[in-house]
Each structure stands twice: as structure tokens, then as C-alpha cells.
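The values are calculated or read from the model by the stated rules, or taken from the named source; none is laboratory data. Note that the structure is predicted; figures quoted are calculated from it, not measured. Note that we place each Cβ from the backbone using ideal geometry, even for glycine, and neighbour counts take in every protein chain shown. Remember, those area values only see protein heavy atoms, side chains included, never the ligands or the DNA or RNA. Shrake-Rupley method; radii C 1.70, N 1.55, O 1.52, S 1.80 Å.
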Amino acid sequence: MKKNIFTPLLAIFLLCSGMLMAQQTPANRAVSTIVADVLAQLPAEKQSTYNNLMKELSSTGIDGVKNLVEMMYPPGKGDNAAVEYALSGLAYYASGDEILKSKIEQAYLGALDITEERETKAFIIRQLAVLGSDATIHKLAAFLTDDALSSPAACTIASIGGEAAGKALQMALMRRNARSEEAQRNIIQALGDVAPTEGTEGLLKTMLNTNDLKTKTVVLKALGRTGTKASLPDLAAGAAAVGYKDDPTGAADAYVQLIKRVCEQGDTKEASSAAQSLMKNATKAGIMQMRIASLEVVFATQADKLKTLKTALRDPDKSYRNAALRYASGYADHTMY
């Protein structure tokens, strides 16, 4: 009987084909190969292609992130656009899945330890703004007093927010001997961007007496955004000191912002008193901008909106009357009759 020699040849061919296909599947490709393939196909024309590429890249975990970070050139030595595109894309892709997000966060945190380039560290820190948890806050706290990295670290911590963020920023601000004025301002600015935690307002108020104009500016702005009625006298004094004018520190604007915030917090009596006092002083000083700004809060805090409107419409200044009509329109349907 004649043997069929094609059967064993076919078996060998199928076996070799299977082995070749196995070598080409993502699970068996080297991390460096996956990274190189992804970079070669970015930016992708289709969203589905992009998602698949990010999925492949995310499967490499910390090794893939490390590989990408190690490919980044020092400033002026090469083009990092493709690598940065991949790293930022991975961060946003991972942010939509809590499990993957935590995995990639740890990869980025680990990547901070494999480079000494400040620009590379800063780039990684900025990506953590969309990935970060308390673990990131804990890691980045060490960079808050570093002049080169305090700004991205403070911004990322503020983006993550929460009590841990507030406490980390407070602690860094209290380490007076461990940071420069520039780093200090970055921390203060971040404190103005997070929900205030216990002790924040008091700490900021202690810094109002600084002689550094730039620092005073960020302190006033932070208190305007995060303060309570306890800071009204301090910011009122600051606005009076500049004659309620628009000055480089923004003292008057910060005071107006705080009055509005106090009103929103439900302390309408204090907000109304402050607004009326500001209006009186701004009128006396002839600062129309502050008169108009205070009028908005007066409308918000006065029960008799119609009386407030009628009084304002008797003012000889057209811009003031127009502002009164604009503010009153927000109450016309339910509180003015």
C-alpha cells in the first residue's frame, strides 16, 4: 500500500505555522517590540485603532512605561514628541478604568525614579494629574520644595484634591527652611485650587504681611478663593490699603471674590455688610469698578431686590445703571415683583 507522504508534511507545516503565529501574538512579544510597534502607528487615524494600540501599550505595565521614559532625550538633544504622545495617551486611556488606572499610576510613579532629567520628571508628574490617588500625593510631596519641580507637583496635587492634597501642601508650606520663595508661591497657589482643609486659612493669613509682592498676590488670591468670613477683615484692610483700585496684588479683586464666597457659604449677613461697606468706600474713592462689583453681592444678599434696583437706577453713571439691570434680571422671575 502506497504511503501518503503529504500527511506528515502537512502536520509539520501546521505546527510551524502555529509556532510562528504564537510568536506574533501580543502575549509573546517583547515589551520593546510592542512599544516600538505602537510608536510606529501613532497618531492613529481611527479611534478604534488608537484604543487597540493603547490597550497593547497598557498590557506592558511598568516595563512599557520604563521603556518609553528611557527613550526620552534630554532637552535640546532630540525630539520627544512621539514618546510624549504615547505616554499622555496611555494616561488618559487608563483613567477610564479604575483597575487599569491604579496599575498605570504605579508605573508612572516608578518611572520617576529611573530618570534624573528634570524636564522628563516634570512631564511624568503632569500625566499623574489624570491618574493620581493619595499614593501620588505622597510621592509628589517630596518635590514641592524643589524649584524645578514644585510647580508641576503642586498643580498635580491640586488636581487630585481631597484632604490628603490639602495636608501635603500645608506641610510643605510650613517647611520654611526647605523651600525657596518661588516654590512657596507654587504651593500657595495650589492651596487656592483645592478645597480648604482645617488650618489652611489660618496658615495663609499668617503670610499676608510678606514684603514680597509676588507672594502677597498669590496669598490674597488663595484667600479670596478658599477663605471664610474670618478673613473678611484682613482682605478688607488689603483693599483699603490700595484705595480699592486695581493694583498688581489684586487686593480689591480678592476681597470681592471672598465676599461672594462668604455669601455662597450661607453667611449672607456678613457678606451683605461687607458688600455695602465696600460700595460706600468705593463710591467715596470714585472707583466705579468696585462699586459695580459690590452691587452684585448686594443684590444677592438683599431681600428687597426691587428697592435695590430702584436705588441703583437713580445713579448718574450709565455703566452702573446697566450693571444694576443686568444683575436684577437674574431675580426678576422669582424675587422681584
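Accessible surface of residue 58, taken over heavy atoms with a 1.4 Å probe and every protein chain present, rounds to 10 Å². The label point for residue 122 and the one for residue 332, both projected 7 Å from the Cα toward the Cβ, are 5.0 nm apart. Value of Rg to Rh for segment 140-184, rounded to two decimals, is 0.93; Kirkwood radius and Rg both from alpha-carbon coordinates.
Where only DSSP H runs of four or more residues are counted, the chain gives -21000 deg cm²/dmol as its mean residue ellipticity at 222 nm, each run worth -39500 (n - 2.57). In this structure segment 106-225 gives 44 Å² per residue of accessible area when probed at 1.4 Å with all protein chains present. Segment 49-74 and segment 168-222 have Cα centres separated by 37 Å.
How big, in percent, is the set of alpha carbon pairs in segment 144-289 lying more than 17 Å apart? Walk me through the numbers on the way to the answer.
Numbers: 6254 of 10585 pairs.
When every Cα pair of segment 144-289 is considered, 59 percent fall beyond 17 Å.
GNM on the chain, alpha-carbon springs under 10 angstrom: the most fluctuating residue among 230, 168, 239 is 230.
Return the inverse of the average 1/r over all pairs of distinct C-alpha atoms in segment 99-141, which is the Kirkwood hydrodynamic radius, in Å to one decimal.
Details: mean 1/r = 0.0971 Å⁻¹.
Mean inverse Cα-Cα distance, inverted, gives 10.3 Å.
Is any residue of segment 109-146 close enough, with backbone N under 12 Å, to a label point placed 7 angstrom from the Cα of residue 82 along the Cα-Cβ axis, and if so, which? Correct set: none at all.
Give me the net charge for the shell around residue 65: Cβ to Cβ below 14 angstrom, other residues only, Lys and Arg +1, Asp and Glu -1. It would help to have the intermediate numbers written out before the result.
Numbers: positive: 66, 101, 103, 121; negative: 56, 63, 70, 84, 105, 113.
Summing Lys/Arg as +1 and Asp/Glu as -1 gives -2.
Among 154, 107, 165, the largest mean-square fluctuation in a Gaussian network model of the chain, built with springs joining Cα atoms closer than 10 Å, belongs to 107. Using C-alpha pairs below 8 Å separated by at least 6 residues, the relative contact order for the chain is 8 percent.
Computed with a 1.4 Å probe on the full set of protein chains, the accessible area for residue 291 sits at about 30 Å². Across segment 66-195, C-alpha contacts under 8 Å between residues 6 or more apart give a mean separation that, scaled by the residue count, equals a relative contact order of 21 percent. Overall dimensions of segment 259-337, expressed as equivalent-ellipsoid semi-axes from the Cα gyration tensor (√(5λ), whole Å, largest first), are 18, 17, 9.
Pairs of C-alpha atoms in segment 206-337 farther apart than 22 Å represent 36 percent of all such pairs.
Calculate the tail of P(r) for segment 111-188: the fraction of all Cα-Cα distances greater than 16 Å, expressed in %.
Here the long-distance tail beyond 16 Å is 41 percent of all Cα pairs in segment 111-188.
With the whole protein complex present, residue 310 retains an accessible surface near 110 Å², based on a 1.4 Å probe.
If I fit a long axis through the Cα atoms of helix 213-226 and take the longest principal axis of the Cα atoms of the chain, what angle between them do I get, 0 to 90°, rounded to 10? In the chain, helix 213-226 runs at an angle near 90 degrees to the longest axis. Size of the chain from its Cα atoms: along the principal axes, largest to smallest, the extents are 117, 54, 35 Å.
Applying 1/(1 + (r/R0)^6) with R0 = 51 Å to the Cβ-Cβ distance of residue 51 and residue 198, what FRET efficiency is obtained, to the nearest 0.05?
0.75
The equivalent ellipsoid that matches the C-alpha gyration tensor of segment 50-163 spans semi-axes of 20, 19, 11 angstrom, in descending order. Computed from the C-beta positions of residue 147 and residue 310, the FRET efficiency with R₀ = 51 Å rounds to 0.35. Full extension of the segment from residue 273 to residue 32, taken as 0.36 nm per residue of separation minus the current Cα-Cα distance, would add 80.2 nm. Pair-distance distribution P(r) for segment 78-227, from all Cα-Cα distances in 10 Å bins starting at 0: 12, 40, 30, 15, 2 percent. Size estimate for segment 278-322 follows the Kirkwood approach: the inverse of mean 1/r over distinct Cα pairs works out to 10.6 Å.
Once the piece of chain linking residue 44 and residue 171 is laid out straight, how much longer is it, given 0.36 nm per residue of separation minus the C-alpha distance between them?
Details: separation 127, 0.36 × 127 = 45.72 nm, distance 4.37 nm.
In short, 41.4 nm is gained.
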